[in-house]
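Here's the structure, in structure tokens; my notes come after.
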Amino acid sequence: MGWDFETDPDVAQELDWVDEFVRTEVEPVDEVVTHAWDVHDPVRNALIKPLQQVVRDKNLWACHLGPELGGKGYGQLRLALLNERLGRSHSAPVVFGCQAPDSGNAEILAHYGTNHLKKTFLEPLVANEIVSCFSMTEPHGGSDPTGFRTTAVLDGDEWVINGEKWFSSHALFADFLIVMAVTEPDAPPHRSMSMFVVPADIPGLERVRDVSVWGHEEPVGTHQYLRYTDVRVPAENLLGERGAGFAVAQTRLGGGRIHHAMRTVGLVGSAFEMMKRRAVSRTTKGERLADKQLVQEMIADTWIQLEQFRLLVLRTAWRIDRYNDYRKVRADISAVKAAMPKVLLDASSRAIQIHGSLGISTELPFGKWVMESFHMGLADGATEIHKVNLAQALLRGTEPDDGLFPPYIRPTLRARAHDRFAEVLAAAADDD
Ligand SMILES: Cc1cc2nc3c(=O)[nH]c(=O)nc-3n(C[C@H](O)[C@H](O)[C@H](O)COP(=O)(O)OP(=O)(O)OC[C@H]3O[C@@H](n4cnc5c(N)ncnc54)[C@H](O)[C@@H]3O)c2cc1C
């Protein structure tokens with residue numbers, strides 16, 4: 001029997017340390033640092049860099065990366081348990097060197113970058129001296145990448161990029177962007193695009209608008225609308241083969257999606273903790289909220305959803321480790337991705353309701369988390385698309401039944417059973 005829900009004692013001890021460290025040292029930083037990704041902010045650097053050093057000293061830096069890149073090469077299951085602890089805090093992923101989109105971009109560079117690109121971009125990225133951006137979505141539509149219009153044309157030993165990109169997160173702080181562009185217009189759609197490393201200070205890269213989202217308090221929006229006009233990068237900035245952009249993108253999206261889910265478990269856990277505390281602290285009509293059955297239902301429903309989701313995430317992480325091939329776990333990752341927004345939305349909504357007017361105020365984070373649930377349902381692919389992918393995978397291999405009625409209707413099953421057990425039934429009838 002291989003099923004086991006216990007954590008090894010040494011791992012449990014490490015997780016306890018992480019939990020305590022995040023609660024006491026990192027969460028207070030969230031209250032004063034505007035954006036933990038902004039490596040140019042002196043307040044951020046004064047507060048976050050010493051914490052990063054503590055994490056390095058504890059040997060917990062960038063645990064998602066292999067030892068050759070300065071990480072620990074933790075499997076996804078162990079990362080899931082770690083990321084649950086980090087998910088409660090905005091800054092914690094940065095403090096532990098595993099923040100999106102840098103974690104995924106680092107994986108792409110490690111897989112496909114030349115030595116020069118690794119030296120120039122990957123090393124400082126992994127050290128969090130710089131941050132990066134993944135620039136793929138276009139203003140006319142993100143869900144259908146086969147319709148992307150940004151082009152890259154080889155001119156001598158340089159690629160020339162032209163087009164527009166929308167919602168390029170962290171472009172505001174990034175030192176480089178990974179850009180998807182059409183290089184093979186005549187090839188089938190999934191073989192038509194390639195990925196490029198583009199330095200952020202390059203001529204021809206125009207910041208059209210800084211886009212903000214509801215619930216975030218930064219003075220400047222961190223998702224940028226970008227225009228690339230005759231942006232020239234060296235030929236070596238192509239990542240992977242020409243036309244292999246979709247395959248390269250999958251290197252980061254699989255891991256990225258499951259890591260968001262692991263952190264969401266932490267966020268929902270945090271909402272649940274606050275709901276319980278309020279329910280036992282607040283009284284109305286002579287009894288605690290916790291004594292009202294409808295409040296109890298909210299507590300019970302939240303725990304059930306959280307634990308169901310957590311087990312799905314952990315099982316998916318386990319399968320990633322088991323097969324070491326993202327193609328074999330794509331459906332599992334889609335399931336996790338599709339479930340995530342609703343779990344966060346439901347938990348945040350109930351947390352608001354239990355806290356009443358305080359819950360809806362900006363003095364508590366739940367309103368932001370409601371909006372965050374929509375982020376989860378869009379970033380890295382809309383929920384609908386993941387559900388479709390999942391359903392297609394689940395239906396694959398299921399054969400159609402012949403006949404007007406399916407063979408599993410009760411009259412058919414009963415007739416078959418009567419045939420099979422005819423002797424026993426006849427003997428029983430004789431005895432009567
Ligand atoms: C917080 C956040 C961060 C992001 N960061 C980045 C980033 O760093 N880099 C980047 O490149 N992009 C980023 N994005 C963009 C993200 O990838 C897109 O939002 C996503 O791919 C959907 O594209 P869209 O917004 O253009 O929506 P559209 O493609 O216009 O889709 C809108 C809606 O239409 C429906 N829909 C679409 N297709 C289907 C379908 N096949 N079947 C059924 N219904 C469908 C869905 O309800 C969907 O939500 C980010 C988005 C968010 C919210």
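Could you work out the local net charge near Val233, counting Lys and Arg as +1, Asp and Glu as -1, over the other residues with Cβ closer than 15 Å to its Cβ?
Values: positive: Lys165, Arg232, Arg242; negative: Asp155, Asp157, Glu158, Asp175, Asp201, Asp230, Glu236.
So the environment of Val233 carries a net charge of -4.
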| field | Peptides 256-262, 278-284 ordered by average Cβ neighbours within 10 Å, highest first | value | 256-262, 278-284
| query | Which value in Å does the Kirkwood hydrodynamic radius of the chain take, with 1/r averaged over all unlike C-alpha pairs and then inverted? | reply | 24.1
| field | Dipole of the chain, positive direction: furthest Cα of Pro124, Val182, Pro101, with charges on the beta-carbon | value | Pro101
| query | Which helices count as membrane-span-like in the chain under these terms: full DSSP H, at least 27 Å along the axis by C-alpha, Kyte-Doolittle mean of 0.0 or more? | reply | 245-281, 330-360
| field | Unsatisfied cross-links (Cα-Cα over 24 Å) in the set Lys285/Lys368; Lys342/Lys387; Lys49/Lys337; Lys292/Lys368 | value | Lys285/Lys368; Lys49/Lys337; Lys292/Lys368
| field | Estimated [θ] at 222 nm from DSSP helical runs (n ≥ 4, -39500 (n - 2.57)) normalised by residues in the chain, nearest 500 | value | -15500 deg cm²/dmol
| Using Cα pairs under 8 angstrom and six or more residues apart, how large is the relative contact order of the chain, in percent? | 12
| query | Anyone know which of Glu236, Glu217, Glu363 comes out most mobile in the 10 Å Cα GNM of the chain? | reply | Glu363
| request: Can you quote the Å³ per residue value for the convex hull of the Cα atoms in segment 252-395, rounded to an integer? | output: 104
| task | Enumerate the amide H contacts of Val131 below 5 Å, restricted to partners 5 or more residues apart or on another chain; note that Pro and chain-start residues carry no placed amide H. | result | Asp175
| note | Applying the gyration tensor rule to the Cα atoms of segment 132-239 (axes a ≥ b ≥ c; rounded if a/c under 1.5, else prolate if a/b exceeds b/c, else oblate), the class is oblate
| request: Compare Gly403, Gly204, Gly215 in a GNM of the chain, Cα atoms joined below 10 Å, and give the one with the largest fluctuation. | output: Gly403
| said: Test of understanding: in a Gaussian network model of the chain with alpha carbons linked when under 10 Å, which of Gln293, Gln99, Gln52 would top the mean-square fluctuation ranking? | reply: Gln293
| Using the Cα atoms as the points, what is the convex hull volume per residue of segment 9-99 in Å³? | 86
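Bear in mind that the values in this text are calculations on the coordinates, not laboratory data. Being a predicted model, the structure only gives us computed values, none of them experimental. In this analysis, Cβ positions are derived from the backbone assuming ideal geometry, glycine residues included, and neighbour counts consider all displayed protein chains.
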